[in-house]
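Here is the structure we will look at.
We did not get these values from a lab; they are worked out from the coordinates using the rules stated. None of the values given here were measured: they were computed from a predicted structure. Cβ: placed from backbone, ideal geometry, glycine included. Neighbour counts: every protein chain shown.
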């Protein structure tokens, strides 16, 4: 038997790129965390210490910054596609590339009722994400685009039950017909194609559907709520093939005030850290095309 | 010589208390992280292992949760005052108490243009804080109230220079008349009294003044900007005696694209993690009363 | 077209289980963070809100704690296998389960040259990990075992070069024949079988081989070092089929002291946070059996 | 009334300085996180935007790196003293300076029973700290030195009780004569002088006394244990004036297995995250000199 190199990738992670568009006095800002990875036949570097096939991660960093100017960032997705394709073109040994982007949102600071031209405050809620994977080169090159968000923290103070579940020897949980339900949602949706899609608008629209579905759906389990949220997204966006969720069930336990003679009718809760339930689910069209490499090396999903 | 007990305190830190007001269908939520500490003569517990003076931290936790219902949380400050006073009353050996609160903000989820009754999304920007310190008991009891915020992340993409500074052998920094200035602001303001103040309204007003002053003040140094922000707060709020800032200078370095023949006229920046400048300053009335114990054991200030 | 449930799993994450063995006066401690996940046909819960198939995550938590006593923790791997199998047996709708464990190491506190019976100090270096995946039930049940570690932080202050790499328009990195090389290693190795293996001993042995190979291998790239480390593990442990690495290249940049007339011959470095190179590689036997579901949903690998 | 500048300081925080001593083939490594702060009359910068008194934080950074070579790091304390004094000398407007250092420990990688010359593994347990404060200049300059450690995580699985405490309406805690006691200790000790002290040896000795006292002292409360630890340090080190502790009581709760018919006699615990008890205490000589500015702006102490 022999020992060989298996799957591998390398790149520069977490380039913190801030792009200011200052063509007019009213500046625009895009604040990104960009990670690149190249895949392909890099066995000489691993087994012989020969770097001739290897474009340094430092060069990948330089490229990520340079393309923020040369290509611009009309959306994180379009920037990531350009960067992934550029990297494959630059490196003959590469068979493909993956670019992951997190985007942090900023609002204009309100002054006298209007947003300031060049002063901003971090919105600080969820982070927008994209993962672009490119495979092959030239005519046959494939490209997959995931859009998404992480840490969208939501809570409903009623309208949630949990009953009728399977019980075994170790089951002590009481059934409840009214509880707090909270999660810090990670969602990623895969585009079958992005032809004609304004990706910034689409992001806002998907986020809005996720929120309003969470708000208005009576919940018999977090699983049911996620499925409803995913279905609503797929119904509204025909070019989205599937959506995947990872949703920690952030437990809010009734604090037992009865021990002190104080009533607590769903009013005072202990927000626990760990452990937490973790619900992960995919909602998909039954005729969705194969995902190919879209989900390869993407953290946090089944 | 002998070895003796010096200053000391003990309590329960980081009680994660969520309070839902559900008197009507339109719920309200207050989401707090509460830490209590008792000070006084607890030498028997330290030197003899005798706990007769010690109210367990577990009881302090129970009290923090119970008062969230019994007293309620009209503002974090008022809740903290009640809790600190209660703890001193409950423990004869205590000479005083300190309660620190962080509050996380939630917005109603918008549905059809209106905020939902019982579904919320974390605002996720800055955290509101309060520190209440009580000393003594009965008639002579003193009480100090700090309000504040942490992690208010702001950035201006122009309108900031840094020139004319002191230079020594190790100075290599170039002067600049146009740079990005960004910080994650911590501010705490001390009330000379809170008589007649609506503390929730005051918080929003101070935050608004801080933001608009940051936005509209041309900056010749972060120090100058902080002083302007503090002065504006003191001018608008006569019952605030002083305000203290801790402001990391979150460096955004021009990325040198000229090496690749790409122009970068203040458009592409590297947002660095460490090291960072750290500017701390107090803005105070020249006739402010003595702060007493208001700032004792409060992290992050001179 | 229809909208359907795709792949999914649910469970209880991060159960912080501490197990003390106190059969004699000389206590033993195992300190674990345990996450469980069940996979299978849970579509009724998602699409109809019917929980009859769902064993609550609270019951999974109770089970994880109970089995720490009933089965014990002879090694994290054996405990995880027992827990995963138990959960599949307990839930008819489950087709499989995955249990992830992190173990934190403790040393006995040295007193008069010997380790204390019941007082411990956290070793605090790397975390030991295991991921056990079970699929199917009864005779045909499959079981995959990964062992591993995260955050093994190593550095060599010489004996590392980086030269002869591919250059493009954006390449500005200088070649070097002497640099600091440092990483915070994550490694996971897959057992073809664990028959007759003492898994605690094997863990110590693999860790030792990883460290000594890192120390004694002259490095022409982090890729070459990882391949050498993986090969050494496979050569020493015939029952390990493959090993996967995720290795951030923690950059240590020479600080330019020449600007002040101070010599710096590889003596003073700035340890940078971000960005960092990220090298991921698999070293495998060329006749290794198929990994099946061993790597499904395991974070951080290609 | 007027608005004026109060207490203030500014500097460069978290310079990640790695110093390799390579005078022989057997390298030495010191891995530091260094923060500087200058205090004095910097009102022109705050109120007029005039930087003539201000040595840029960038220059402070350069100085911190340069002195790692020019002065060297025989101990973090001596390096910090030199750096603090240098900064005061360099800046006429400064009245004083504070330098905070965290040091991360590395061990040599064992190869064939001996430590390797130039390959290291992070010890990763506690962090060593120092805070040096300098006030004034020339003959009258004062200098205070604190040494310390953070995150020394210790646990005893028996030999700890908690009984006889004060009870009130909200007390529900049961008394116990056998519990797990665990903490992540922060300790800082103030030197009355360091004349003739080998500070690296002293650090190891104090750490050893803290650990062995923790191990061998039967505990009737964490307070008693801390006082015993502090007394032992003061008895062994006559030049230490006082020691301050901040000790979270990391609760380990018996997990109730009786609900499933499983016995749990102090064997299976849930290690809780929050809330936690927080015990802070000073152990001091009764004739200790005044601490002056030694503790000013040092986080986490009464």
Query raised in the report: When you scan region B:229-274, how many residues do you find that are closer than 15 Å to residue A:16 by Cα and facing chain D (nearest Cβ under 7 Å)?
Result: 1
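Before we move on, is residue C:11 in contact with a helix residue (DSSP H, G or I) (Cβ under 8 Å, 6 or more places away or on another chain), within 7 Å of chain A (Cβ to nearest Cβ), buried (at least 19 other Cβ atoms within 10 Å of the Cβ) and part of a strand (DSSP E or B)? Explain how you work it out, then say what you get.
Details: in contact with a helix residue (DSSP H, G or I) (Cβ under 8 Å, 6 or more places away or on another chain): yes; within 7 Å of chain A (Cβ to nearest Cβ): yes; buried (at least 19 other Cβ atoms within 10 Å of the Cβ): yes; part of a strand (DSSP E or B): yes.
Here the answer is yes, as residue C:11 does meet what is asked.
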**Report entry** Per-region count, region A:210-230, residues over 15 Å from the mean Cα position of the chain (by Cα), farther than 20 Å from residue C:56 by Cβ and crowded, with 19+ Cβ neighbours inside 10 Å
**Finding:** 7
Report task. Give the residue, chosen from D:164, D:159, that is more than 18 Å from the chain's Cα centre (by Cα), in contact (Cβ under 8 Å) with a residue 12 or more places away in the chain and under 30 Å from residue B:56 (Cβ atoms). Result -> D:159
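Only one of these is surrounded by fewer than 22 Cβ atoms within 10 Å (Cβ to Cβ) and either more than 14 Å from every other protein chain (Cβ to nearest Cβ) or on the phi > 0 side of the Ramachandran plot (or both): B:173, B:166, B:199. Name it.
Working: B:173 fails: either more than 14 Å from every other protein chain (Cβ to nearest Cβ) or on the phi > 0 side of the Ramachandran plot (or both); B:166 fails: either more than 14 Å from every other protein chain (Cβ to nearest Cβ) or on the phi > 0 side of the Ramachandran plot (or both).
Among B:173, B:166, B:199, only B:199 is surrounded by fewer than 22 Cβ atoms within 10 Å (Cβ to Cβ) and either more than 14 Å from every other protein chain (Cβ to nearest Cβ) or on the phi > 0 side of the Ramachandran plot (or both).
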Query raised in the report: Considering region A:185-196 alone, what residues qualify as being away from chain C (no Cβ under 12 Å) and assigned to a strand (DSSP E or B)?
Result: A:185, A:186, A:187, A:188, A:189, A:191
Query raised in the report: Condition test on residue D:266, is it touching a residue at least 24 places away in the same chain (Cβ under 8 Å), touching a helix residue (DSSP H, G or I) at 6+ places or on another chain (Cβ under 9 Å) and within 21 Å of residue C:15 (Cα to Cα)?
Result: no
**Report entry** Number of the exception - residue C:39 against (1) under 25 Å from residue A:171 (Cβ atoms); (2) facing another protein chain (nearest Cβ under 9 Å); (3) within 21 Å of the chain's Cα centre (by Cα)
**Finding:** (3)
Query raised in the report: What number of residues within region D:65-96 satisfy the criterion of being more than 20 Å from the chain's Cα centre (by Cα) and closer than 20 Å to residue D:39 by Cβ?
Result: 13
Requested in this report: Could you tell me whether any residue of region A:45-57 is farther than 16 Å from residue B:267 by Cβ, touching a residue at least 40 places away in the same chain (Cβ under 8 Å), facing another protein chain (nearest Cβ under 7 Å) and in contact with a strand residue (DSSP E or B) (Cβ under 6 Å, 6 or more places away or on another chain)?
Outcome: yes
Query raised in the report: Which one is surrounded by the fewest Cβ atoms within 10 Å (Cβ to Cβ) among residues in region B:80-92 that are out of contact with any helix residue (DSSP H, G or I) (no Cβ under 7 Å at 6 or more places or on another chain) and away from every other protein chain (no Cβ under 12 Å)?
Result: B:85
Report summary line: Filtering region B:123-147 down to residues that are in contact with a helix residue (DSSP H, G or I) (Cβ under 9 Å, 6 or more places away or on another chain) and either facing another protein chain (nearest Cβ under 9 Å) or more than 30 Å from residue B:41 (Cα to Cα) (or both) yields B:126, B:128
Query raised in the report: For residues in region C:151-184 being touching a helix residue (DSSP H, G or I) at 6+ places or on another chain (Cβ under 7 Å) and not in a strand (DSSP E or B), which is farthest from residue C:278 (Cα to Cα)?
Result: C:169
Query raised in the report: What do you reckon, is residue A:294 closer than 20 Å to residue C:7 by Cα and either surrounded by fewer than 20 Cβ atoms within 10 Å (Cβ to Cβ) or out of contact with any strand residue (DSSP E or B) (no Cβ under 8 Å at 6 or more places or on another chain) (or both)?
Result: no
Report summary line: residue B:238 meets each of (1) under 24 Å from residue D:44 (Cβ atoms); (2) part of a loop (DSSP other than H, G, I, E, B); (3) without any contact (Cβ under 8 Å) to a residue 12 or more places away in the chain with one exception, condition (1)
Report task. Could you look through region C:14-30, keep only residues that are within 14 Å of chain A (Cβ to nearest Cβ) and in contact (Cβ under 8 Å) with a residue 24 or more places away in the chain, and pick out the one that is surrounded by the most Cβ atoms within 10 Å (Cβ to Cβ)? Result -> C:15
Query raised in the report: Which ones in region C:93-122 are over 17 Å from residue C:75 (Cβ atoms), surrounded by fewer than 20 Cβ atoms within 10 Å (Cβ to Cβ) and out of contact with any helix residue (DSSP H, G or I) (no Cβ under 6 Å at 6 or more places or on another chain)?
Result: C:93, C:95, C:107, C:108, C:110, C:112, C:113, C:114, C:115, C:117
Report summary line: Among the residues of region D:241-275, the number that are part of a strand (DSSP E or B) and surrounded by fewer than 20 Cβ atoms within 10 Å (Cβ to Cβ) is 3
